[in-house]
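Here, each number is a calculation from the coordinates, and none is a lab measurement. Please read all numbers here as calculations on a predicted model, not as lab measurements. Glycine gets a Cβ as well: all are built from the backbone with ideal geometry, and neighbour counts include every protein chain shown.
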Amino acid sequence: MGIVHTRIDDRLIHGQVVAYWVNSLNIHRIMVANDKVATNDLQKSTLRLAVPPGIRTSIITKKKAATNIKAGKYDKQRVFLILEDPQDAIDLINLGVKLDTINIGNLAHKEGAIQIKTNIKVTKDQIQAFKELHERGIKLTARMVPGDPKVDFINYLKKVID
């Protein structure tokens, strides 16, 4: 077992994650791997409020996540890994975490972002990070909830990189 689903969603833990993804994937643990969030006690507390009883949470730095994953700490659990940004995925991979497929859920508007899908707006840095993930052979999908079709995210990204 271990990581059964990886999602990039800048909202992190929210209604769609707990109402749809956790149930459909029979998740035991939600892990947020992000250095900024891991050091913000107020944000961690707020995120944990959204988690249903019986679901464990880890809101930790990328380095700690990589260390724990590689040590097999979650091998007997079904883990839903949530990242805030594509750079988080690159950092985890560089730390030795194996990721095959990443689902892109929501990326809200930031200064200079370009809308490529209703719920996904990307900055130049994010475009570069997604291109790097794709070039490393990571399958990138775009879907909001488990019942949506698995759409190739690169098709949306090509709109802004061609």
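For Val32, the residues 5 or more places off, or on other chains, whose built amide H falls under 5 Å of its own are Ser58, Ile59, Ile60, Ile82. The string of couplings for region 75-82 from the Karplus curve (6.51, -1.76, 1.60, θ = phi - 60°) is 4, 9, 10, 9, 9, 9, 8, 10 Hz, one whole number per residue in order, with x for Gly and Pro. Every helix of 4 or more DSSP H residues in the chain counts as -39500 (n - 2.57), and over all residues that averages to -9000 deg cm²/dmol at 222 nm.
With a ≥ b ≥ c the root eigenvalues of the C-alpha gyration tensor of region 72-162, is it rounded (a/c under 1.5), prolate (a/b larger than b/c) or oblate?
Prolate is the answer for region 72-162, as a/c is 1.5 or above and a/b outweighs b/c.
Anisotropy class assigned to region 1-129 is prolate, per the alpha carbon gyration tensor with a/c at or over the 1.5 cut-off and a/b larger than b/c. Once backbone amide H atoms are built at 1.01 Å from N, Asn103 has Thr6, Arg7, Ile8, Thr141 as its partners under 5 Å, excluding neighbours fewer than 5 places away on the same chain. Placing +1 on each Lys and Arg Cβ and -1 on each Asp and Glu Cβ, with no other charges, gives the chain a dipole about its Cα centre of roughly 400 debye.
May I ask which of Lys62/Lys121; Lys73/Lys124; Lys62/Lys131; Lys63/Lys159 have a Cα-Cα span longer than 28 Å here?
Result: Lys73/Lys124; Lys63/Lys159 exceed 28 Å.
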